[in-house]
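Okay, so here's the structure we're looking at.
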Amino acid sequence: MSDDAAADLFAEVSQQLLAVLTVALPDWAEQCVRTRVAQYVDALDAEPEVSAAGSFREPGAVDDAVASARRGVSAEIVELGRLLTADVDGQRTNPLHIVREAVRHPTAALHRLDVPSVVRDQHAERLHPGDVYDLMPTSFADVGASVGEVGLAWGAAKVIAHRSRHEA
């Protein structure tokens, strides 16, 4: 494959990845908040002798927290846009790293709702100490199936573009 064709392929797949992440990342942030709140409420319901106060019980609080988490990930979407429009040799990080930084938004929302942290294994605590709700995506597919597919294609296109440029 020619250098130009490889660069065009990489640019096209990069735009596809940005497009799916622009839609999926806010949805993922919302799902993180709603899932952890529901799990906490289910745990409380399973133990009726335990009462817990928390802002998650206030009318509209969960919806407000979800909206905040969804808005928050827009910072990562902007950063993803900068990365995914950069030349292959100018990329000093990868999009999954940026996606993982978005964990801070649903984490902050859950904290504001007074949802307690979850129990994690020592490995997770050491690797991601700030991920107290165990939300960290391990792959693009954790953000959404379509993101997983395009993320794999992006990785392959990056290898092709890099090899085409540097092994010619």
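The values are calculated or read from the model by the stated rules, or taken from the named source; none is laboratory data. Just so it is clear, the model here is predicted, and its values are computed rather than measured. Methodologically, a virtual Cβ is constructed for each residue, glycine included, from the backbone with ideal geometry; neighbour enumeration extends over all protein chains shown.
General remarks:
- Any hit, region 134-150, residues being more than 12 Å from the chain's Cα centre (by Cα), modelled with pLDDT of 95 or more and farther than 26 Å from residue 60 by Cα: yes
- Qualifying residue in region 70-78 (condition: out of contact with any Asp or Glu (no Cβ under 8 Å at 6 or more places or on another chain), in a helix (DSSP H, G or I), surrounded by 17 or more Cβ atoms within 10 Å (Cβ to Cβ) and modelled with pLDDT of 95 or more): yes
- Residue in region 44-57 that is crowded, with 18+ Cβ neighbours inside 10 Å, in a helix (DSSP H, G or I) and modelled with pLDDT under 95 present: yes
- Positions within region 109-126 being in a helix (DSSP H, G or I), among the aliphatic types (A, V, I, L, M) and touching a helix residue (DSSP H, G or I) at 6+ places or on another chain (Cβ under 8 Å), in sequence order: 109, 110
- Test for residue 157: is it outside any loop (DSSP other than H, G, I, E, B), of a type in the set (A, V, I, L, M), within 19 Å of residue 32 (Cα to Cα) and out of contact with any strand residue (DSSP E or B) (no Cβ under 6 Å at 6 or more places or on another chain): no
- Condition met for residue 88 (over 26 Å from residue 155 (Cβ atoms) and surrounded by 12 or more Cβ atoms within 10 Å (Cβ to Cβ)): no
- Scanning region 149-168 for residues that are surrounded by 17 or more Cβ atoms within 10 Å (Cβ to Cβ) and not aliphatic (A, V, I, L, M) yields 151, 154, 158, 164.
- Close pairs (7 angstrom Cβ cut-off, 6 or more residues apart or separate chains): touching a residue at least 12 places away in the same chain (Cβ under 8 Å) and more than 18 Å from residue 151 (Cβ to Cβ) in region 12-37, assigned to a helix (DSSP H, G or I) and of a type in the set (D, E, K, R) anywhere: 30/70
- For residue 9: the one exception among (1) more than 19 Å from the chain's Cα centre (by Cα); (2) under 20 Å from residue 114 (Cα atoms); (3) in contact (Cβ under 8 Å) with a residue 12 or more places away in the chain: (2)
- In region 99-119, the count of residues that are surrounded by fewer than 12 Cβ atoms within 10 Å (Cβ to Cβ), among the aliphatic types (A, V, I, L, M) and without any contact (Cβ under 8 Å) to a residue 12 or more places away in the chain is one or more.
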